[in-house]
Amino acid sequence: MYGFINTCLKSLVIEKFGEETWEKLRTLAEVQDTFMTYEIYDDIMTLRLVSEACAMLDVSSEVVLKLFGEYFFSFCKMSGYDTMLRTLGGNLVEFIENLDALHSYLALSYQEMNAPSFRVEKMNDNRMLLHYYSDRKGLYHIVPGIIEAVARDFFDSEVDMTVLNQSEENERTGKKEHVVFLVVQRPNQAQRRAQPSDGQAQVQKEAYKKEVEETMNRLKDRYSSLPACPRKRAPWDIVRSIVRFGQGNFVTEFIPQYPERLWIEEKAFCNAFPFHIVFNKNLQVKQTGVNIQKFVPGLQNMDIRLDEYFSIVHPQVTFNIDSIKKFINSQFVLKTRREMMPECVQQQAMLKLRGQMVWMESLECMVYLCSPKLRSLQELEARGLHLSDIAPHDTTRDLILLNQQRLAEIELSNQLERKKEELRVLSRHLEVEKKKTEVLLYAMLPRHVANQLKEGKKVEAGEFKVCTILFSDVVTFTNICAACEPIQIVHMLNCMYSKFDRLTSVHDVYKVETIGDAYMVVGGVPIPTETHAERVANFALGMRIAAREVTNPITGEPIQIRVGLHTGPVLAGVVGDKMPRYCLFGDTVNTASRMESHGVPDHIHLSPFTYRALEGKGFNIGERGEIEVKGKGLMSTYFLLGNLHATEEQIMGRESDELYRDAPEGRVQSRRVSERPDRIRSARSSDVASEDPNTKSTATHTISGAQPINNQPKSVNSRLCLLL
């Protein structure tokens, strides 16, 4: 089948059941998402789609195929075939009788189309027998769907179709299924309701009869005074030839006049119709046109059998007079037999003829009025024909020229469809790559900041009145660096930071940056939240638990970290054009760093401001007392010992229980990508060289007013770790 059929099936599923159903259906049927209109696809693909649709929707194939038939009619109209279908016949019988002719025309564009055939037997009382022939078994349920839709839309009527017989047609050579439908046509319900009652109908009939009589009398008076016509027809005969009285209406009638003898010479007829064949009931050729003799020389021998030189391509019936009579309303396509042609033309493409069969009862002969079946000038040339070989009155000339342009348009359409499909695939791949890029971008900057930069907007610095900042580092990190290979340090930090990054998503805190073993997090920035202190505190407790799962590459024991927290105002904004970073500025950053550098291993050190922010929030906090803080003087600090209202599983995000009453206005993108040193932006300019608070080096931050406590030389391995 052509892609047009599969596209129709796809459109039906999407329109009736949605995109998700189609995606599931095509996945089960193992077919692609897009079909090219003029490309041929295996029938198995379409049958697989129908079979999977029946299983998915839990309905019979009869229901699915009938629904497809109804939709196929609408889809054809939407695809530009509306006028062509509407003008096919004046009633349902004529419409069906001309379907084969329509298929023959469409074969000019869809050359490999293998369409079914239809034959109608008229009966009384608006009934008919519809014979359906098809190579494809089991698809006949499509026919009632199409015919019922046509009757409703074009002829304002309803039909009931019943299968009377289903069999294999033995006399047919190619078609394998023959189904006979009983078709009963009736007016639709609205028309039936509009009919008058018996009493009203009688009154209307009498009034109409009176009007008819008056009209007829006027016509008699008008034509009674006319002189006799040359053919000596009476005036009443003239009236009767124009108007015939019917049951309730005037019916215009045309009565053809035939000559007593045929006024055309035999030679003139054979020249005027250069492609025609007359043969009797035994298929013996009695007369042929001049050009068909030219291309099939054997036809010059009278009384040779037609089936010796030709085979029937369409409709696929056995070559005898009874089968031809049965399909007398169909277009017949005959093809020359290669073995009967002269040797000089046997290598050429065989000539095909397309035309109409007309039975002449008095002569008991059949005349085949035909023309060469050609689609393009290339086919004309391949068969050794010229336009001059076709009669001037034959529209085949115009059809070849018009179809030449049509084929060029089809080829262009195919190219456009292929390009469209390529663009669709590229667009899908681009979307995947775009998402990867966004993931990396959101790992470096807050989501709303990154979106502003993508739109080309300038990101203004913002002042946050209150937030909580956390700094952490690894105890004895300098000693570890001195005793280990750089790759071991990278693996250790990667393992630790990956666990920390997951926790930032659990508690909705923003990871600012890392440098060496230092890890900086803020709560309440860039999305303000009332629970910034609780979030950072729980994150700190989670960090301490997670750090115990990371081993020291020297001792094999769990590593220890030192954590410091401080609460206060900050200024935040994007710094730099290349590798822009979202940085924090203000004394709050300095103080948080001091809490970390003056902390104790495996403890969470709190400033008095953070203590007050957490007071009464269910945290277990111990007082450390007053200590000397560089640049700050004496400060009363505290240790965070635990959360009285949350379990370890909740803090680590292994349980889905909500820990916070409020939620940030927008969720911060978590940092799940392990930090690499080449992506780290320094928030501190010197490494930690000692674990003693008195000799510990604070970092020189990218903030105003930050001063280092001590600038102690770094070890070689520590420098190498930072460079990696």
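The values are calculated or read from the model by the stated rules, or taken from the named source; none is laboratory data. Just so it is clear, the model here is predicted, and its values are computed rather than measured. Methodologically, a virtual Cβ is constructed for each residue, glycine included, from the backbone with ideal geometry; neighbour enumeration extends over all protein chains shown. Remember, those area values only see protein heavy atoms, side chains included, never the ligands or the DNA or RNA. Shrake-Rupley method; radii C 1.70, N 1.55, O 1.52, S 1.80 Å.
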Normalised by the number of residues in the stretch 570-650, what is the relative contact order in percent for Cα pairs under 8 Å and 6+ residues apart?
-> 23 percent
List the relative contact order of the stretch 500-546 as a percent without decimals, with contacts defined as Cα pairs under 8 Å and 6+ residues apart.
-> 36 percent
So for the stretch 479-589, what percent of the C-alpha to C-alpha distances run longer than 22 Å?
-> 39 percent
Within the stretch 280-295, the residues whose backbone N lies under 15 Å from a label point placed 7 Å from the Cα of ARG337 along the Cα-to-Cβ direction are 283-285
Computed label-point distance, nm, for sites GLU421 and ILE487 using a 7 Å Cα→Cβ extension | 4.7 nm
ILE545-GLU623 FRET efficiency (beta carbon distance; Förster radius 22 Å; 0.05 resolution) = 0.45
Length gained if GLU39 through LEU369 is fully extended, taking 0.36 nm per residue and subtracting the Cα-Cα distance, is 115.5 nm
If you add up the charges near VAL184, with Lys and Arg at +1 and Asp and Glu at -1, over every other residue whose beta carbon is less than 11 angstrom from its beta carbon, what do you get?
-> -1
Under the 7 Å Cα-to-Cβ spin-label approximation, ASN124 and VAL358 lie apart by a distance in nanometres of 3.2 nm
Can you pull the accessible area of ASP58 for me, 1.4 Å probe, Å² to the nearest 10?
-> 130 Å²
Considering only the stretch 545-666, percent of DSSP beta bridges that pair antiparallel, nearest 5 = 85 percent
What does the accessible area per residue of the stretch 359-428 come to in Å², with a 1.4 Å probe and no ligands, DNA or RNA counted?
-> 61 Å²
By how many nm would the segment from GLN452 to THR87 lengthen if fully extended, with 0.36 nm per residue of separation less the alpha-carbon distance?
-> 125.6 nm
For the pairs LYS122/LYS325; LYS286/LYS326; LYS10/LYS352; LYS578/LYS630; LYS10/LYS77; LYS435/LYS578, note any where the Cα-Cα span goes beyond 25 Å.
-> LYS10/LYS352; LYS578/LYS630
Order GLU148, GLU112, GLU649, most accessible first, counting only protein heavy atoms with a 1.4 angstrom probe.
-> GLU112, GLU649, GLU148
So if R0 is 30 Å, what FRET efficiency would SER79 and ALA382 give, r being the distance between their Cβ atoms, rounded to the nearest 0.05?
-> 0.45
Please find the FRET efficiency linking ASP577 to ARG428, where r is the Cβ-Cβ separation and R0 is fixed at 41 Å, and quote it to the nearest 0.05.
-> 0.80
Given charges of +1 on the Cβ of Lys and Arg and -1 on the Cβ of Asp and Glu, with all other atoms neutral, how large is the dipole of the stretch 67-119 about its Cα centre, in debye to the nearest 20?
-> 80 debye
